[in-house]
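Below: one structure, written as structure tokens.
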Amino acid sequence: MPETITYISNGTPIHAELFTPPGKPRGAGVVIAHGSDGVTDNLNGPWAEMMRDYGAALSDAGFTVLLPHYFEKTGTAPGPPAMLAMWMHLQAWQQALGDAVAHLETLSAVAPGRIALLGFSLGGHLSLRLRDRVPVLVEFFAPYLTGLGTAPSTAPHIQIHHGAADRLVDFANAEQISEVLRNEGVRTDPYRYEGAGHGFKGSDPKNAEARRLSKERTLEFVAAHL
């Protein structure tokens, strides 16, 4: 089970879930960024279960993992309130995630500069806006919105996971994101999952396969590059 900690983002306390390796740590960390439904299982999918599963798998592999509840930066509730407030609070949420990266670097089990960002949907978009802060980045079904900011990536290779049947965030978003990154000289792996929808949720074979494959690829990618 993760430990609940608090870090400070420009004077605002933010709760986060900390997953520590059961064995010898690798000296590297991962920040997981949730989407607009927050860390919850009771809105549009089992998001908390999925993100905590990633946290546990990564910590079992020796990484120190932080799952920040970054909506606390603005006191925003997950779900529809977050969607309505998104344009107003993007910068504040980005800062809270950036401060989570900085906090993780202060922990004795993590070496500075050895942090990965793993972002889902809105969290994937915010992670891409922080691509100048980390050497490793993986995003899932992120929207392009109005762009990815102007900071050039320090990550030489970025993974993108997106369902071809995503009706909330069309696959065209993955293509736009990949094009921006390639123009910066970043190598991208834009994985397209046929028949899979937003969040890869559901018990059908296409979404189940997308969940399995994307997790396998993510864990291999982070272990190889961080």
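What follows draws every value from the coordinates through simple rules; no lab data is involved. All values derive from a computational prediction rather than experimental measurement. Cβ coordinates were reconstructed from backbone atoms using ideal geometry, including for glycine residues, and neighbour counts include every protein chain displayed.
What to note about this one:
- Each of Leu104, Leu90, Leu18 was scored by other Cβ atoms within 10 Å of its Cβ. Listed from fewest to most, they are Leu90, Leu18, Leu104.
- Residues Met1, Met50, Met86 arranged by fewest to most Cβ contacts within 10 Å: Met1, Met86, Met50
- Residue-averaged [θ]222 nm for the chain, counting only DSSP H segments that reach four residues, each worth -39500 (n - 2.57): -12000 deg cm²/dmol
- Annotation: for a label point projected 7 angstrom from Cα along Cα→Cβ of Ile5, residues of region 110-124 with backbone N closer than 12 Å are 110-111.
- Here's how it looks for Ser9: its modeled amide H is under 5 Å from those of Ile14, which are all 5 or more places away or on a different chain.
- Binned Cα-Cα distances of the chain, short to long, each 10 Å bin given as a whole percent: 8, 37, 40, 14, 0
- Most simply put, region 3-225 has about 30% antiparallel DSSP beta bridges, counting only bridges with both residues inside it.
- Under the convention that each Lys and Arg Cβ holds +1 and each Asp and Glu Cβ holds -1, the size of the dipole of region 1-92 around its Cα centre is about 300 debye.
- Size of electric dipole in the chain: Cβ of Lys, Arg +1 and of Asp, Glu -1, about Cα centre, debye, nearest 20: 300 debye
- In terms of other Cβ atoms within 10 Å, Ile8, Ile158, Ile177 run from fewest to most in the order Ile8, Ile177, Ile158.
- Here's the list of lysines a cross-link from Lys73 could span, going by alpha-carbon distance under 29 Å and ignoring same-chain residues fewer than 8 apart: Lys201, Lys215.
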